[in-house]
Amino acid sequence: MRFSILSEKLQKLSTRDYRRIGFRGNPAYSGLRKGDDVEVRIPREPLESTIKSMIDEYANGGKPKHIYLFSREGGAGKSHANRIMVEYCGRKNLPFILWDDDEDIDNSVQAVRYLIHVADVNKVVLFRECDAPENFYTKLLSIEDAYIIGHGHEPERELRGTGDSFKVFDLEEDYPLSEEDIHRLLREYLRKLTIRPILTIPDEVLERISKFTTTPGNALNMLGALLAVAAYKANNGKEPRITDDDIQNCCNLRVAEALSYY
């Protein structure tokens, strides 16, 4: 669902517009996102421990399968897991490369080989930061001694031709967050986003959002839609107040999507 005449205006809201109603920005994983990234960590077990053990196996000379984080939602779940793994590699002094572009894959693969050679390391973890075109992972597998941690929405397409080289982790199906996890995630985001108490969002609102979804991306998009509507009201000279009607409708994922994209 798209409603461009409104969503375009909401996406043009600036960080200053959100500061006017007491927030540092908008945490949505969509075009509504504004301001500096806010870090909130909600442990996702046993996923994190399993992936860390696979990284350790690789670091110790083993040959674990490469990793693909599969999510049907946009962004947050995979990104949180990826950041935790990047930090883990840093703590283990294990070299890593972040790869987030698709341009000129063959030259990029050669560049990675060269960087590994110059650094004189025999192990490196490659983190794929976004969806990939076909044959991307097939070409990555040609980089000797590299350990791949990718993520995306279409494992059947993206991993075609890689055989059984990857272990796919289905985040929503096998590692869902609980209602309490989502509630805690939203509460912590709101705490870190709040500058001053101009617009107060009751905890009951966050609790209500957490009942509608088990995915962090959707939850943050719903919260982001509420903040965008409030900032838009303030921009138009109205009181930046969140009504029961706003809550009811922004907790509808179809409405949140219509406000987030154009």
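Things to note:
- Candidates 174, 170, 203: the one that is over 16 Å from the mean Cα position of the chain (by Cα) and within 22 Å of residue 54 (Cβ to Cβ) is 174.
- At least 3 residues being crowded, with 17+ Cβ neighbours inside 10 Å is the threshold, and among the helices (runs of 4 or more DSSP H) wholly inside region 140-215 those reaching it are 179-193, 203-212.
- Only one of 29, 18 that is touching a residue at least 40 places away in the same chain (Cβ under 8 Å), of a type in the set (Phe, Trp, Tyr) and either within 30 Å of residue 66 (Cα to Cα) or not in a helix (DSSP H, G or I) (or both): 29
- Index of the failed condition, residue 162 passing every other in (1) hydroxyl-bearing (Ser, Thr, Tyr); (2) closer than 28 Å to residue 66 by Cα; (3) not assigned by TED's automatic domain parsing to the domain that holds residue 113: (3)
- Among the candidates 79, 30, the residue that is assigned by TED's automatic domain parsing to the domain that holds residue 129, under 13 Å from the mean Cα position of the chain (by Cα) and modelled with pLDDT under 90 is uniquely 79.
The values are calculated or read from the model by the stated rules, or taken from the named source; none is laboratory data. Please read all numbers here as calculations on a predicted model, not as lab measurements. Because the Cβ atoms are built from the backbone with ideal geometry, glycine has one as well, and the counts that use them run over all protein chains shown.
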